[in-house]
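Enquirer: Below: one structure in structure tokens.
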Amino acid sequence: MHFAIAAAAGRLGRLDDARAAAAEMIRLAPFLADPANLREFIVRWYWPQELVDALLEGVSIAQSRDVRPSAEPSAVRTHGALVLPGTGASAVMTPPAGSLRTGIAVAVRPFTSSGEETAGTVAEALTSDIATGLARFAYVRLIGGSGASRAPASLERYAVEGEVRASGGSVRINARLVDVATGVHSWADSYNRDTAVDAFALVDDVSSRIVATIADGNGALLRAFSSTPLEERDAAVMKLLLRFFAYTQHFTPADHAWLREALSALADQEPGNTRAWAYLGVLYAHEVLFGFNALPRAEERAQQAADRAVALDAANQGAWVTRAMAAFVNQDLIAFRAAAECAIELNPLHSLTVATMGLHIAYAGEPERGASLVRRCMSLNPNHPGWYHIALFLDAYRLGDADSALMHAKRVTMPHIPTAALLPIAAAGRFDRAADARGGLEELSRRHPQLLENGHARAALGRWIWDAALLDSILDGVTAARLLARG
């Protein structure tokens, strides 16, 4: 009873009643003070995930005055409000509890059909599968289920719609993402398929591509939303979400520092916010891997943040990504593989996440499987970051495929990252490309002169590449490149 009162009063903003009920609940059942125990208790009685999340959000609001100290120097707080780094007092706002769980409202409108009977069957299946796929993304709030005509249009921010036409054994599918307020098409594409293909395979293939291209971390939805004016109460927390995904495109020390500071402040204010802890854990791991803004005990902090995120919401994909990254920096292969597989299974259409796991699987000694996962992500969403090519480089390099290795190394486009700068040099050395070797070494001497020494290069690459034979082969390639450059 006290749990229900705390959840309801918290959601309704009756904080005195909410806090009193939460305190009484913990007095009678102290084990419910642990968020993991509380979630386990709730799911015994309530099955729908949306209801469970809403109840937990209410209790989190009820307990919001119990702020825990941050592990990092954090963003400025003014009377409990959050000021994002570098934004000044004008950005002060108080994020609502669970604010990073607030989604972008998207409706999937029924796809229309014309032509042969096949079109109607495909249109209906696409509408359902696209809605199901979008619902797996934590930052998407699906409006009205798979038949969005049932939802009030005022609730929609974006809509996915399209048409299916079938004729003469072929089917053409047009899909688009529409800004409901302006009517602007934020994204559109067409897919031509042969109806001789199994219907389930056809729908799976096209719906997966549409979902990944729209909802991925570097997909059309977040790109469109990043330019949308927001209410003040949503602006700061959505800026965190958007900037985190922007950070994952290129990885810079400045973005890392900004995000770590702001997310530390949010985790301070909302200790029950799963995604805040998940994103923080990744940033802590990057202190080790990239050397960005390193502070003491980064491995330990990454593990603690990951454990906290998983305990708060074991169904959150980002929580398992963070656990995988924490295991990676702690060199725990078994824990890494288990967490990575869980992250992939939770949402295989989030291609940015799956590619992240695929790359680290390649680093951890399975380059063939890692490259296979990344190739699948590239096909789902062609608008991907250059670092995807690292996994394909590692696989091509171990196989001795000179042209492929050099091509993928040059497409990484992250010369500010030391490890990425070494890859094209290694390929040029191993495959006797003197001009590429000279150019790569000149760039390395300008950006990362310390890596011209073998010891520094081994240390930088060794943080990532666990396979000793592959690591030695890449370093041998760098040595060969030096010899080639000397003529």
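We did not get these values from a lab; they are worked out from the coordinates using the rules stated. All figures in this text were calculated on a predicted structure; none of them were measured in a lab. Positions of Cβ are backbone-derived with ideal geometry, glycine not excepted, and every protein chain shown enters the neighbour counts.
Enquirer: Relative contact order for region 354-486: what percent, with Cα pairs under 8 Å and sequence separation of 6 or more?
Expert: Details: 189 pairs, mean separation 31.3, N = 133.
Across region 354-486, relative contact order equals 24 percent.
Enquirer: Using amide H atoms built 1.01 Å from N in the peptide plane, name the residues 5+ places from residue 104, or on other chains, whose amide H lies under 5 Å from its own.
Expert: Residues meeting the criterion, in which the H sits 1.01 Å from N, are 140, 141.
Enquirer: First select every other residue whose beta carbon is under 14 angstrom from the beta carbon of residue 126; then total the charges, Lys and Arg +1, Asp and Glu -1. Please list the in-between numbers first.
Expert: On the way: positive: 109, 165, 172, 176, 193, 209; negative: 124, 129, 161, 163, 189, 204, 205.
Value of the local net charge: -1.
Enquirer: Further, regarding this structure: May I ask you to derive the FRET efficiency for residue 299 and residue 121 from their Cβ-Cβ distance with R0 = 41 Å, giving the value to the nearest 0.05? Mind showing how you got there, number by number?
Expert: Working: r = 52 Å, r/R0 = 1.28.
The formula returns an efficiency of 0.20 here.
Enquirer: Follow-up. Using a 10 Å cut-off on Cβ atoms, rank the peptides 370-383, 255-268 from the highest mean neighbour count down. Walk me through the numbers before you get to the answer.
Expert: On the way: 370-383: 19.9, 255-268: 22.4.
Descending packing order for the listed peptides: 255-268, 370-383.
Enquirer: What are the ³J(HN,Hα) couplings of region 160-168, residue after residue, when phi is run through the Karplus curve with 6.51, -1.76, 1.60 and θ = phi - 60°? Round to Hz, x for glycine and proline.
Expert: 9, 8, x, 9, 10, 10, 10, 6, x
Enquirer: Using the crude model of +1 on Lys and Arg Cβ and -1 on Asp and Glu Cβ, and no other charge, please compute the dipole size for region 354-486 relative to its Cα centre, in debye to 20.
Expert: Values: 15 positive and 13 negative charges, 59 e Å.
Taking the Cα centre of region 354-486 as origin, the dipole is about 280 debye.
Enquirer: What does the charge dipole of region 232-346 about its Cα centre add up to, to the nearest 20 debye, if the Cβ of each Lys and Arg holds +1 and the Cβ of each Asp and Glu holds -1? Walk me through the intermediate numbers first.
Expert: Values: 10 positive and 14 negative charges, 22 e Å.
Roughly 100 debye for region 232-346.
Enquirer: Enumerate the amide H contacts of residue 162 below 5 Å, restricted to partners 5 or more residues apart or on another chain; note that Pro and chain-start residues carry no placed amide H.
Expert: Hits under the 5 Å cutoff: 112.
Enquirer: When the Karplus curve 6.51 cos²θ - 1.76 cosθ + 1.60 is applied with θ = phi - 60°, which whole-Hz ³J(HN,Hα) does each residue of region 106-122 get, with x for Gly and Pro?
Expert: Those phi angles translate into 10, 10, 9, 7, x, 5, 8, 9, 7, x, 5, 4, 3, 4, x, 5, 5 Hz.
Enquirer: Using the Karplus curve 6.51 cos²θ - 1.76 cosθ + 1.60 with θ = phi - 60°, what ³J(HN,Hα) values do you get for each residue of region 364-379, in whole Hz, with x for Gly and Pro?
Expert: Karplus-based 3J(HN,Hα) across region 364-379 equals 7, x, 10, x, 5, 5, x, 5, 5, 5, 5, 4, 4, 5, 4, 6 Hz.
Enquirer: Still on this structure, please answer the following. Once all Cα-Cα distances of region 101-225 are split into 5 Å bins that start at 0, what whole-number percent is in each one?
Expert: So the P(r) values, bin by bin, are 2, 12, 23, 25, 19, 11, 6, 2, 0, 0.
Enquirer: Continuing with the same structure: Set the Förster distance to 22 Å, then compute FRET efficiency between residue 469 and residue 407 from the Cβ-Cβ distance, nearest 0.05. The partial results should precede the final answer.
Expert: Values: r = 23 Å, r/R0 = 1.05.
That pair, residue 469 with residue 407, gives E of 0.45.
Enquirer: Roughly what would the spin-label model give for residue 34 and residue 447, points 7 Å off Cα along C-beta, in nm?
Expert: Those two pseudo-labels are separated by 4.6 nm.
Enquirer: Enumerate by residue number the GluC sites (Glu not before Pro) in region 386-487 meeting two conditions: DSSP loop (anything except H, G, I, E, B), and at most 15 other Cβ atoms within 10 Å of the site's Cβ. Please list the in-between numbers first.
Expert: On the way: sites: 442, 443, 453; in loops: 453.
Of the GluC sites (Glu not before Pro), the ones in loops of region 386-487 whose Cβ has at most 15 other Cβ atoms within 10 Å are 453.
Enquirer: Moving to a separate point now. Over all directions, what mean area does the Cα convex hull of region 232-346 project, stated in square nanometres? Show your work: numbers first, answer last.
Expert: Values: hull surface 27.5 nm².
That works out to 6.9 nm².
Enquirer: For region 232-346, what relative contact order do you get, as a whole percent, if you take Cα pairs closer than 8 Å and at least 6 residues apart? Mind showing how you got there, number by number?
Expert: Working: 145 pairs, mean separation 23.7, N = 115.
Result for region 232-346 is 21 percent.
Enquirer: What's the magnitude of the charge dipole for region 101-225 around its Cα centre, counting Lys and Arg as +1 and Asp and Glu as -1 at the beta-carbon? Answer in Debye, nearest 20.
Expert: The dipole magnitude comes to about 560 debye.
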